[in-house]
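Contents: one structure, followed by commentary.
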Amino acid sequence: MGENDDSKADVKGVEGEEEEFQREGWGKKIEFTLSCIGFAVGFGNLWRFPYLCYTYGGGAFLIPYFLSLIICGVPLMALEFGIGQYFMKGPTVVFKKICPLLFGTGFSMIMVSFLVSIYYVVILAWILYFLFASFITPLPWTTCNNEWNTPHCLVRNGSNANESGVSPAVEYFNIRVLNKTASPDISGPVKWDLALLLILAWIIVYFCIFKGVKWTGKVVYFTATFPYLVLIILFFRGVTLDGAGLGISYYLKLDVSKLGDIQTWKEAGTQIFYSLGAGFGSLIAFASYNKRNNNFLKDAVIISSINCGTSFFAGFVIFSMLGYMAKQQGVPIDRVVDEGPGLVFMVYPAGLATLPGSNFWAVIFFFMLITLGLDSQFAMVEAIATGLTDFWPDLFAKRKPWLILGLSIVEFLVGLTCITKGGIYIFDLFNTYSAGTAMIVTVLFEIVAVSWLYGVKRFSRNVGSLISWRVWISWDILWVCLTPLMIAAVFILSIIFYSPIKYNGIPYPWWADFVGWLMAILCVLCIICPAIYQLIYTEGTFKERLVKLVYVPETEEEINLREMNSVEKSGDQTV
């Protein structure tokens, strides 16, 4: 591959055989990097990490957080980059080359991506609603004299801090935007204004990815960088506000006693686990379009560090505004702190509305949220499309735009359940279960398949041949021991701390948890069912079948590489 031909990936597989169709590739290395950053940096960096840091010891929370990054985050990202780049295939195919018995792990990954991308794009529909409303003067979530407001609506200021009431921003989101029902038992009809915005969101997603990664790589030049520009602008605006120092001091307030709370460590591990995007298949799919000699280990360190740095920086942006709001309203800061959708759709917009030029600040804030969410949505849909295309190349290789269109339509139709009047409850159900236990189990199967069954030494030797230097033993120790132990610990703690789902304290009916666990089990069945099928129908005795399905014989290329490494080691010992 010449220097001027970066847009096509190497067309030879790991055994040196020519592919039946030419695989596309990234136009430039920076496009891969920006796509991965855009995927990893999502809504959670903005609305979850700052809240966790505030709740679990401020600066002390950074200790378990960065330990989790080193032990689990970076190794998992490097592992997925390595298997995608070495085998040059998406998640549905690579595991058949690693451990045929567990090849369903790839299908479990795209099932996770399918379920998450159903509700994730609903957030984009909400953001579009707020973006269009940001052009109205005054901003509709700032006053209590609108048709949707209730008698409980109260615009807080320093003189009525002790009065009870509901913020107009809260009523705007819950009543005007969602028209939320009182209970998860009541779904209500589809909100057609949100349905139209959901269509618009899917149209935007489709036209950004339908031509493949070469086209998406151009889109991310803007969508992956624009959020940083806005965050920097909001940071400098925020720290100049009266009360900003109060908010930042609460954000970083050091409480070492929280380190003795197992919940702190569980939350740190969980946040790292989810924020870097392992288990979705997207990192494998993106890396499969790389040039074969790309230094993926360096990429993993850089991208994961940028992701975590973004989370930390976003905390200053958020808490400087929260401190300002607390000072303006004359209330303690814990009265204005929130996490999740409540932060970006109720708390932060209410703060922006008090600034001079509030419409401008609202527009750039919500436009930033759109670009923040688009990259993550791109990556999940691309993981599904790449996985299906690689598994059925004859069917989908030349019809990928139609495949992505079909996926968009199906996910849109299922996503309508999240924009009924009771849709927020369905949304929270998807959010809790689809990217929860199932993803942890999937990643645990992944690292066991690579490190223990395929063999960590074999994996390190093979991927080391791509970057022309021996993989450090520290990576092997992480992949084979420390990272699996941490994933298992996060899984066990998630089970220990499990409680039936609630939305803002409102309990769900029993069937909601049942449906949620069905979603989780569906992902795990993608691994178990193919394994059972193969054990039954593969020829030979049970032991012969097990050996055949667990162990993949070395290729001639691998044998030569192993022998060459043995000679090099012998030479080193002789010297």
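The values are calculated or read from the model by the stated rules, or taken from the named source; none is laboratory data. Because the structure is a prediction, the values reported are computed rather than measured. Glycine gets a Cβ as well: all are built from the backbone with ideal geometry, and neighbour counts include every protein chain shown. In case anyone asks, the SASA skips ligands and DNA or RNA and just uses the protein heavy atoms, side chains included. Shrake-Rupley method; radii C 1.70, N 1.55, O 1.52, S 1.80 Å.
DSSP loop GluC sites (Glu not before Pro) in the stretch 526-557 with at most 15 other Cβ atoms within 10 Å of their Cβ, which ones? Filter output for the stretch 526-557: Glu539, Glu554. Using only the Cα atoms of the chain, build the gyration tensor, take square roots of its eigenvalues as a ≥ b ≥ c, and label the shape rounded, prolate or oblate: rounded if a/c is under 1.5, else prolate if a/b is larger than b/c, else oblate. The shape class here is prolate. Of the chymotrypsin sites (Phe, Trp or Tyr not before Pro) found in the stretch 454-544, those in coil by DSSP whose Cβ has at most 16 other Cβ atoms within 10 Å are Trp469, Trp472, Phe497, Tyr498. For the stretch 38-115, the list of trypsin sites (Lys or Arg not before Pro) that fall in a loop by DSSP and count at most 12 other C-beta atoms within 10 angstrom is empty.
Of the residues Gly106, Tyr533, Val230, the one whose Cα sits farthest toward the positive end of the charge dipole of the chain, with +1 on the Cβ of Lys and Arg and -1 on the Cβ of Asp and Glu, is Val230.
Computed from Cα atoms, the angle from the helix 192-209 axis to the main principal axis of the chain rounds to 40 degrees. Neighbours of Phe280 by Cβ distance under 12 Å: Lys/Arg scored +1, Asp/Glu scored -1, total -3. Unpaired cysteine residues in the chain (no second Cys Cβ under 4.7 Å): Cys36, Cys53, Cys72, Cys99, Cys208, Cys308, Cys418, Cys481, Cys523, Cys526, Cys529. Principal-axis analysis of the Cα atoms of the chain puts helix 400-415 at an angle of about 40° to the longest axis. The helix-only estimate of mean residue ellipticity at 222 nm for the chain, built from DSSP H runs of length n ≥ 4 each weighted as -39500 (n - 2.57), is -20000 deg cm²/dmol after division by the residue total. Computed from Cα positions, the angle between helix 358-391 and the longest principal axis of the chain comes to roughly 30 degrees.
Please give the net charge around Leu178, taking every other residue with its beta carbon less than 15 angstrom from that of Leu178, where Lys and Arg add +1 and Asp and Glu add -1. That works out to +1. Computed in the context of the full set of protein chains, the accessible area of the chain at 1.4 Å probe radius has 66% of its extent on carbon or sulfur.
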